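This report refers to the structure that appears directly beneath it.
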Amino acid sequence: MRTKRGLWIVLAAVIVLLGAGTAFAFTLRGDSGEPTAAPAPSAPTASAVPTTASPAPPPGADLTGPLDLLLIGVDTRVSIPDWQPHADAIMLLHVDAGLKTGYLYSLPRDLRVDIPAFARNGYGGGRHKLTEAMSYGARVPGTDRANVAQGYELLSRTISRYTGIRSFDAGAILTFDGLSRLTDALGGVTMTIDQKVVSQHRRPDGTARTLRPGGGGYVGPQATYLPGTRKLVGWQAIDYARQRYTAGGDYTRQRHQRQLVKALLTQAEDAGLATDRTKLQAVLTALGDTLVVSGTRTPIEYAYALRDLAPSGLTSVGLPGDSVFHNGGYIGEQLDATGRAFLRAVAAGDPGAYLAEHPELIKK
């Protein structure tokens, strides 16, 4: 019997990247990288006249892969006036032809890249941190508001140029509340914490730490996550996965984000979400308006296409890199030759063969 596994893979992978809040899911068309709207699928209706014709193939049956998906965790800081959204986490998922195996990998938020000019708002382009492509693209001339979809457009173009991936089949922009709802709706998530992590943002009881007067960090007691296998509730899961001021810095945070994605997929499987539409609907209800979908292909189509992709079929890949300095000051990160070669392998459609030669990139 075929399962609905693909639906929760799409649901979790799309809204999980360090947390959602409001999740804007886009399906991309052509090479422009622009989000496109599509009408919601209509409900099936019974045929008035019996027919012996063969049934139409399920929506999504024509999707055979490979697929490249782009998942962005956005730091909106809605409490700060005029704050432009930054890409706080950047995760990519490559699914092989046949759609049974995939590779989950991250790009450093501070990666030094060439951001192209953007005619929509007059941005002239330049070499900056990758995280800033979102904020440069999101600016709306003459206003202090941000257009997050517009920011995604520039960010996705920037990533395409850097990685060599011609276009992304689907993408998502995520902020910080939906992950807590998803995790709690699934009854929490079990994670093996691999090193001590001290929170910059939360107190042990989950309340927010106080901003230091004048800026420059926070004050007050800190939530602490000690090594071992632990069950985390929603706020703990997102707090643990977003910390980068810890041993290993942003590369550690990238690893923890990928760990969280796989843990949530496993939790969804254990909760029976793959085969129980009632439980699935309960999760969707808990998420409310945190998941907004548009595009030429619907999540249901991807759900059917990815029905045989299990969490065990996802390989977590860590791309090594180093800090970049200029005149003694930190200006960002750069991937080393091995990491850049992996991106070329993805763009060529054969990451598995490259990982067979470089198993050190595979993170358990």
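Each Lys or Arg adds one and each Asp or Glu subtracts one; over the other residues with Cβ under 12 Å from the Cβ of LYS364, this totals +2. Computed about the Cα centre, the dipole magnitude for the stretch 319-364 is approximately 120 debye when only Lys and Arg (+1) and Asp and Glu (-1) carry charge, each at its Cβ. The distance linking the stretch 185-246 with the stretch 149-167 is 31 Å (Cα centroid to Cα centroid, whole angstrom).
Assuming a ≥ b ≥ c are the square roots of the Cα gyration tensor eigenvalues, decide whether the stretch 171-242 counts as rounded (a/c under 1.5), prolate (otherwise, with a/b larger than b/c) or oblate. Oblate.
In straight Cα distance, which lysines are under 26 Å from LYS129, not counting same-chain residues fewer than 8 positions off? Of all the lysines, those that pass the test against LYS129 - Cα under 26 Å, at least 8 places apart if same chain - are LYS363. Inter-label distance, ASP308 to ARG145: 4.6 nm, where each label sits 7 Å from its Cα along the C-beta direction.
Ordered by the count of other Cβ atoms within 10 Å of each Cβ, fewest first, THR338, THR183 give THR338, THR183.
Taking amide H as placed 1.01 Å from N in the peptide plane, ARG202 has its amide H under 5 Å from the amide H of ARG209, ALA223, each at least 5 places away in sequence or on another chain.
Under the simplified labelling scheme, the THR210-TYR245 pair shows an inter-label distance of 1.7 nm, with each label point 7 Å from Cα along Cα→Cβ. With R₀ fixed at 35 Å, the C-beta to C-beta distance from ASP184 to ILE362 puts the FRET efficiency at about 0.70. List the lysines whose Cα lies under 23 Å from the Cα of LYS364, skipping any in the same chain that are fewer than 8 positions away. List returned: LYS100, LYS196, LYS231, LYS262.
Charge tally for ARG230 (other residues, Cβ to Cβ under 14 Å; Lys, Arg +1; Asp, Glu -1): 0.
For the stretch 180-194, putting each phi into the Karplus relation 6.51 cos²θ - 1.76 cosθ + 1.60 with θ = phi - 60° gives couplings of 4, 5, 4, 4, 5, 5, 8, x, x, 9, 9, 9, 9, 6, 9 Hz, in residue order, rounded to whole numbers and with x for Gly and Pro.
Give the calculated FRET efficiency between ARG344 and THR224 to the nearest 0.05, with a Förster radius of 30 Å applied to their Cβ-Cβ distance. My answer for the efficiency is 0.15. Among residues other than LEU104 with Cβ under 9 Å from its Cβ, the summed charge is +2 (Lys and Arg +1, Asp and Glu -1).
Relative contact order of the stretch 161-222, taken over Cα pairs closer than 8 Å and 6 or more residues apart, is 20 percent.
The ranking of ILE193, ILE72 from fewest to most other beta carbons within 10 Å of each one's beta carbon is ILE193, ILE72.
Laboratory data are not the source of any read-out in this text; all were calculated from the coordinates shown. Not measured: the values here are computed from a predicted model. Virtual Cβ from ideal backbone geometry, glycine too; neighbours counted across all protein chains shown.
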